Amino acid sequence: MTTTLLGCIADDFTGATDLASNLVRTGLRVIQTMGIPEGPLGEAADAVVVALKTRTVPADEAVAQSLAALAWLKAQGAGQIYFKYCSTFDSTPRGNIGPVTDALMDALGTDFTIACPAFPENGRAVFKGTLFVGNELLHESGMRNHPLTPMTDSNLVRVLQAQTPRRVGLIDHRTVARGAAAITQRIAALRNEGVGMAVVDAVSNDDLRAMGPALASLPLLTAGSGVAIGLGAQAGATRLADAAQLPLPRGLRAIVSGSCSAATNGQVAEFIARGGAALAVDPLELALGHDAQARALAWAQERLAGGPVLVYATAEPDAVRAVQAHLGAARAGEIVEQALAGIARGLVDLGVRQLIVAGGETSGACVQALGITRMRIGPQIAPGVPWCHAPTLLAPDGGLHIALKSGNFGAREFFTQAFDVLG
Ligand code: ADP
């Protein structure tokens, strides 16, 4: 058992899972909740990640939801708070990273925190306060064209300063490379100068690990998922060899895929090429009201005993564009999400207890249809995609193992290999 609970507030769903997975890798037992639970946690954990959807909502809404999450986490005994945002620092001059950080600092009564989106393993490095995405500067990467949070400046000190009245400073790589004691000294010096938030450089996992002990006494950390790598050993947390352990897997296996990303298209093709049982659902048929769900479930019922089945709407860009031209992009997305969510539910009714869902939005719809409000985070299948175990009324006999894969994650063999990870 740990002496303190790490309380995490994530600004989106798949980002929450990404953070939770990194925490498990450091030996913490982690529960992720979908939104703010109504009651107490009621389970043993070293860290809890509350998944919100606040990245692009108006700043005052993001602040209100984050403060409510903070209050719930404090009530569960959280000793330190970790505000998780995207490793590309997705935000605009209106927020939401600055305003949420300010509100959390005020509520926690602290005058200092860090900001560090670095995740070198995934190609996000911060050097001299400048964020690199792979080998590109942030503002020269694809993020400059993001529809909601275009990132046009790579200097995070400037980006964050535009979002907060507090003074923003820098803990640069010369300091980080000298280790935790140097970082602690630099934090004290910045505090004396009246700096309230400091961007921290990190270009390697060693930098992130060096940071951990220096951050232990800060009531609030703000970061991507990378900083979590340095936290496992701090605050008296016991490194549990079995942190990633989930209940034994049982039941039938299925995959539901609504992602049309390049990686998922490859994974579907690979699953089929290896002889997997796969059924495509046609969005145009769904739109006509044909009972494709019932047919998909009847098809699955005949095959589930033979191994994992895949039900997919996944299609190549040309096919997706053709469907969108007929139905409109939003309606097509909604129809497919709802159909796949209904199929996921039906599959669990048929005895599926190991389920993979591909697609961020698709995952949201399926989790909702399955009535899942919390998940225990288990072993990693691919970076950012862990197996999880969730209680649901649909599987009262011991819950459901579920993996939620956002679009471009995972290697080509993901669907064929994922079940082996669970054992
Ligand atoms: P990703 O994580 O790859 O972005 P999402 O599930 O978030 O995947 O988004 C994919 C969207 O595309 C969903 O809204 C889904 O319903 C929709 N979709 C899936 N298949 C099709 C298709 N064949 N035609 C049109 N839209 C589709």
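The values are calculated or read from the model by the stated rules, or taken from the named source; none is laboratory data. Since we're looking at a predicted model, the values are computed, not measured. Neighbour counts are summed over all protein chains in view; Cβ atoms, including those assigned to glycine, are modelled from backbone coordinates with ideal geometry. We work out accessible area using only protein heavy atoms, side chains counted, and drop any ligands, DNA or RNA first. Shrake-Rupley method; radii C 1.70, N 1.55, O 1.52, S 1.80 Å.
Say we look at the range 219-234 and pick out the residues that are open to solvent by 10 Å² or more (accessible area, probe 1.4 Å) and among the aliphatic types (A, V, I, L, M); which of these is modelled with the highest pLDDT?
Ile229
Yes/no per residue for (1) loosely packed, with under 13 Cβ neighbours inside 10 Å; (2) on the phi > 0 side of the Ramachandran plot; (3) among the β-branched types (Val, Ile, Thr):
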{"position": "Asp242", "(1), (2), (3)": "yes, no, no"}
{"position": "Arg253", "(1), (2), (3)": "no, no, no"}
{"position": "Ala277", "(1), (2), (3)": "no, no, no"}
{"position": "Val281", "(1), (2), (3)": "no, no, yes"}
{"position": "Trp299", "(1), (2), (3)": "no, no, no"}
{"position": "Pro308", "(1), (2), (3)": "no, no, no"}
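In contact (Cβ under 8 Å) with a residue 12 or more places away in the chain, over 30 Å from Leu190 (Cα atoms) and either open to solvent by 30 Å² or more (accessible area, probe 1.4 Å) or among the small types (Gly, Ala, Ser) (or both), is that true of Ala216? So that I can check it myself, show each step before the final result.
Working: in contact (Cβ under 8 Å) with a residue 12 or more places away in the chain: yes; over 30 Å from Leu190 (Cα atoms): no; either open to solvent by 30 Å² or more (accessible area, probe 1.4 Å) or among the small types (Gly, Ala, Ser) (or both): yes.
In short, no.
Show the residue pairs that are 6+ apart or on different chains and have beta-carbon atoms under 8 Å apart, the first residue being within the range 244-262 and under 13 Å from Leu310 (Cα atoms), the second being open to solvent by 30 Å² or more (accessible area, probe 1.4 Å) and away from the ligand (no atom under 13 Å from the Cβ).
Leu252/Ala305; Leu252/Leu350; Arg253/Pro308; Ala254/Pro308; Ile255/Pro308
Residue by residue, here is whether (1) under 26 Å from Leu23 (Cα atoms); (2) touching a Ser or Thr at 6+ places or on another chain (Cβ under 6 Å); (3) open to solvent by 60 Å² or more (accessible area, probe 1.4 Å) holds:
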| position | (1), (2), (3) |
| --- | --- |
| Leu108 | yes, no, no |
| Pro120 | yes, yes, no |
| Val133 | yes, yes, no |
| Ser141 | no, no, no |
| Val157 | no, no, no |
| Ala162 | no, no, yes |
| Thr175 | yes, no, no |
| Ala182 | yes, yes, no |
| Leu190 | no, no, no |
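Is at least one residue of the range 270-277 more than 14 Å from the ligand (Cβ to nearest atom), touching a residue at least 40 places away in the same chain (Cβ under 8 Å) and touching a Leu at 6+ places or on another chain (Cβ under 7 Å)?
The answer is yes, given that some residue of the range 270-277 is more than 14 Å from the ligand (Cβ to nearest atom), touching a residue at least 40 places away in the same chain (Cβ under 8 Å) and touching a Leu at 6+ places or on another chain (Cβ under 7 Å).
List every residue pair whose Cβ atoms lie under 9 Å apart, where the two residues are 6 or more positions apart in sequence or sit on different chains, the first residue falls within the range 1-19 and is within 21 Å of Leu218 (Cβ to Cβ) and among the acidic types (Asp, Glu), and the second residue, located anywhere, is at pLDDT below 85 and open to solvent by 10 Å² or more (accessible area, probe 1.4 Å).
Pairs found: none.
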